[in-house]
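In what follows, a single structure is set out as structure tokens and then discussed.
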Amino acid sequence: MARLNENYLNLKESYLFSEIAHRVAAYTQANPDKKVIRLGIGDVTRPLSSEVIDALHQGVNDMADGSTFKGYGPEQGYDFVRNAVVEYYSKSGVSIDASEVFVSDGAKSDTGNITDLFAQDNVILIPDPVYPVYVDTNIMNGRNITYIDANVANNFLPMPDPSVHADIIYICSPNNPTGAAYNHEQLKVWVDYALANEAIILYDSAYECFITDPSLPRSIFAIEGAKKCAIEFCSLSKTAGFTGTRCGYTIVPKDLKVASSTGKEMSLNAMWNRRQTTKFNGVSYIVQKGAAAVFSEAGMAQCKENIAYYQENARIIAECLDRKGIRYFGGVNSPYIWFECPNGMESWEFFDYLLNNAQVVGTPGAGFGNNGKNFFRLTAFGTKENTIEAMERFDKLF
Ligand code: MLT
């Protein structure tokens with residue numbers, strides 16, 4: 001008889017955003033006449049930019065012509081994307097090599113798949129609250145997780161406790177769900193802690209494009225020493241509206257070495273390459289054509305227009321919360337606004353209240369961890385019209 005990976009028994013019954021979709025579907029089925037506004041999952045609403053669309057068309061044309069047709073591509077990504085990423089980093093003063101860039105279908109898959117490289121008995125340090133993928137993928141692998149509290153007292157930016165050892169550390173900055181972003185000094189403390197513990201930081205920078213404060217780092221590799229202790233995951237989902245198109249990249253520095261139990265020095269870059277070449281056939285040529293266009297001058301300018309559109313939504317949400325005297329975090333340097341549920345409500349209770357009374361969908365903080373149980377997340381990725389309407393409905397609630 002086939003035996004199962006019973007670690008799955010330790011997972012919550014469904015993934016957070018599936019659970020929300022399920023509850024919203026039940027509501028809309030029961031209330032077909034009500035207009036529901038979705039500010040829950042961080043899914044973009046602006047169409048792809050014209051530079052990206054033109055490049056995607058070009059990719060399709062290339063596939064239609066025998067002289068430019070592409071079959072299997074390099075699993076690591078085409079050089080034209082890897083080099084574009086290198087140039088993008090160099091513009092913010094970070095030097096990486098194209099061989100350190102692995103193009104993928106997004107940060108969600110890579111942050112989950114990276115767990116393949118590490119042994120079961122590592123001490124995994126994960127902030128609470130956090131993007132649920134880090135927790136769920138480690139539970140699927142049967143790993144024990146040590147949580148580190150992110151809360152109002154530390155402005156949702158927890159710092160390491162030197163007396164607690166960790167082997168693998170997850171950091172997301174700007175943070176999903178709280179919107180909090182680490183500065184250079186704080187990240188340097190994490191890097192020094194990782195080096196002292198011979199730990200690896202798994203750094204999710206999927207929201208770096210929302211950083212407006214020029215003093216904040218956009219990459220962990222802006223911090224001295226990080227290339228010896230960190231892997232960075234980034235995504236075009238939020239930068240360029242690729243949630244449905246699917247493309248991201250992971251940077252695994254060549255300097256990142258870990259000793260095996262027999263003392264053999266292993267390169268994580270080589271191991272990730274081995275993993276990807278075995279389990280992944282790369283992102284489609286057409287999508288990579290579109291991805292490369294994101295990094296062109298005109299492409300980036302168009303992306304920035306869309307980002308500014310979402311930033312305006314964040315401002316509209318924050319302004320409403322200000323009016324209501326509700327304490328919130330994020331919204332600046334981040335597309336997420338993380339606020340305290342009004343009237344002492346718990347987050348799923350507030351989710352139901354908001355859905356039933358204002359037909360607005362958000363994300364309950366409890367879905368991101370225990371420390372989120374009295375918090376709620378709204379996303380700025382809706383349309384401007386819907387964001388305004390949602391906040392007008394919100395205004396009238398209490
Ligand atoms: C979120 O809403 O937290 C994100 O959109 C989820 C994701 O990027 O997978």
Item to check | Dipole magnitude of segment 181-243 about its Cα centre (Cβ charges: Lys, Arg +1; Asp, Glu -1), debye to nearest 20 | outcome: 140
Item to check | Helix-only [θ]222 nm of the chain, DSSP H runs n ≥ 4, -39500 (n - 2.57) each, per residue, nearest 500 | outcome: -12000 deg cm²/dmol
Checklist outcome for this item: Dipole check, segment 21-100, charges on Cβ (K,R +1; D,E -1), about Cα centroid: among GLY40, ILE96, GLY71 the Cα furthest to the positive pole belongs to GLY40
Item to check | Simple Cβ-charge dipole of segment 20-92, Lys/Arg +1 and Asp/Glu -1, about Cα centre, in debye nearest 20 | outcome: 580
Checklist entry - Which of rounded, prolate, oblate describes segment 265-366, given a ≥ b ≥ c as roots of the alpha-carbon gyration tensor eigenvalues and a/c under 1.5 marking rounded, otherwise prolate only if a/b is larger than b/c? => result prolate
Checklist entry - R0 = 30 Å: FRET efficiency of ALA270 with ASN7, Cβ-based, nearest 0.05? => result 0.60
Item to check | ASP116-LYS228 pseudo-label distance in nm [points 7 Å out on the Cα-to-Cβ vector] | outcome: 2.9
Item to check | Inter-label distance, nm, simple model (7 Å from Cα along the C-beta direction), ASP352/ALA64 | outcome: 5.4
Checklist entry - With N residues in segment 50-295, what two-decimal value do you get for its Cα radius of gyration over 2.2 N^0.38 Å? => result 1.02
Checklist entry - THR146 to SER99: extension gain in nm, 0.36 nm per residue of separation minus the Cα-Cα distance? => result 13.6 nm
Checklist entry - Tell me, in nm to one decimal, what length is gained between TYR27 and LYS257 on full extension, where the rule is 0.36 nm per residue of separation less the Cα-Cα distance? => result 77.7 nm
Item to check | Vicinal HN-Hα couplings computed from phi for segment 18-33 (Karplus, 6.51 cos²θ - 1.76 cosθ + 1.60; Hz; Gly/Pro x) | outcome: 6, 4, 5, 4, 5, 5, 5, 4, 5, 5, 5, 5, 7, 10, x, 7
Checklist entry - Beyond 22 Å, what share of the Cα-Cα pairs of segment 123-254 remains, rounded to the nearest whole percent? => result 34
Next on the checklist: Using +1 at the C-beta of Lys and Arg and -1 at the C-beta of Asp and Glu, which of HIS184, PHE156, SER219 has the Cα lying farthest in the positive direction of the dipole of segment 50-295?
Outcome noted: SER219
Next on the checklist: Place a point 7 Å from Cα of ARG323 in the direction of its Cβ. Which residues in segment 376-398 have their backbone N less than 11 Å from it?
Outcome noted: 388-397
Item to check | Mean-position separation - Cα centroids, segment 74-103 and segment 196-252, in angstrom | outcome: 13
Next on the checklist: Let me spell out the model: positive unit charges on the Cβ of Lys and Arg, negative unit charges on the Cβ of Asp and Glu, origin at the Cα centre of segment 317-393. What dipole size does that give, in debye rounded to 20?
Outcome noted: 160
Next on the checklist: My understanding is that a pair violates if its Cα-Cα distance is over 23 Å; which of LYS238/LYS289; LYS91/LYS254; LYS70/LYS108 do that in this structure?
Outcome noted: LYS70/LYS108
Checklist entry - Relative contact order (percent) for the chain, with alpha-carbon contacts under 8 angstrom and 6 or more residues of separation? => result 23
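Values in this text are rule-based calculations from the coordinates and carry no lab data. Keep in mind the model is a prediction, meaning the values are calculated, not measured. As a convention, Cβ positions derive from the backbone with ideal geometry for all residues, glycine included, and neighbour counts pool all protein chains shown.
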